[in-house]
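Report on one structure; see the data block that follows.
The values are calculated or read from the model by the stated rules, or taken from the named source; none is laboratory data. Since the structure is predicted, the reported quantities are computational estimates derived from the model, not experimental observations. Note that each Cβ is placed from the backbone with ideal geometry, even for glycine, and that neighbours are counted across all protein chains shown. For the accessible areas, the whole protein counts, side chains as well, though only heavy atoms, and no ligand, DNA or RNA atoms are used. Shrake-Rupley method; radii C 1.70, N 1.55, O 1.52, S 1.80 Å.
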Amino acid sequence: MKANLKQAREVAGRDPQLSAFEITIAGPELHLSKGGECFARLIPTDRPEQWRMEYFAHRERWEHIHFAGTLEECLDFLAENPHYLFWEG
């Protein structure tokens, strides 16, 4: 899991939007947060090297993002769809 964390941090560090967020391990998941508030999580699937994503909608509940891929593909998806990265608060 530490290798996945390192890879996710490297990928996020190359993007101006994602580099502002902290990525941590929480069990089998990778959590993206800012200011101590988790807003998205990447969850491994049953398929090797495949991840799915959820985001914390309106700070009320987790909602599934209908996209799965490698860690890099998932982070690229988040960077290309910034409405998943921010919430009012």
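Observations on the structure shown:
- Computed accessible area, Lys6, all protein chains, 1.4 angstrom probe, square angstrom: 130 Å²
- Across the range 70-79, coupling constants 3J(HN,Hα) worked out from phi with the 6.51/-1.76/1.60 Karplus curve, θ = phi - 60°, read 5, 4, 5, 5, 5, 5, 4, 4, 4, 5 Hz, and Gly and Pro carry x.
- Scattering from the chain was approximated by placing one identical point on each alpha carbon and applying the Debye formula without solvent; log10 I(q)/I(0) at 0.10, 0.16 1/Å stands at -0.21, -0.55.
- With contributions of -39500 (n - 2.57) from each DSSP H run of at least four residues, the per-residue ellipticity at 222 nm computed over the chain stands at -7500 deg cm²/dmol.
- Solvent exposure of the range 1-55 amounts to 58 Å² per residue of accessible area, where only protein heavy atoms count and the probe is 1.4 Å.
- Remark on Gln50: its backbone amide H falls under 5 Å from those of Thr45, a criterion applied only to residues 5 or more positions apart or on other chains, H modelled at 1.01 Å from N.
- Loop-exposed chymotrypsin sites (Phe, Trp or Tyr not before Pro) per DSSP, neighbour cap 16 Cβ within 10 angstrom, longest uninterrupted part of the chain: 1-85
- Accessible surface of the range 1-85, 1.4 Å probe, proportion on carbon and sulfur as whole %: 47 percent
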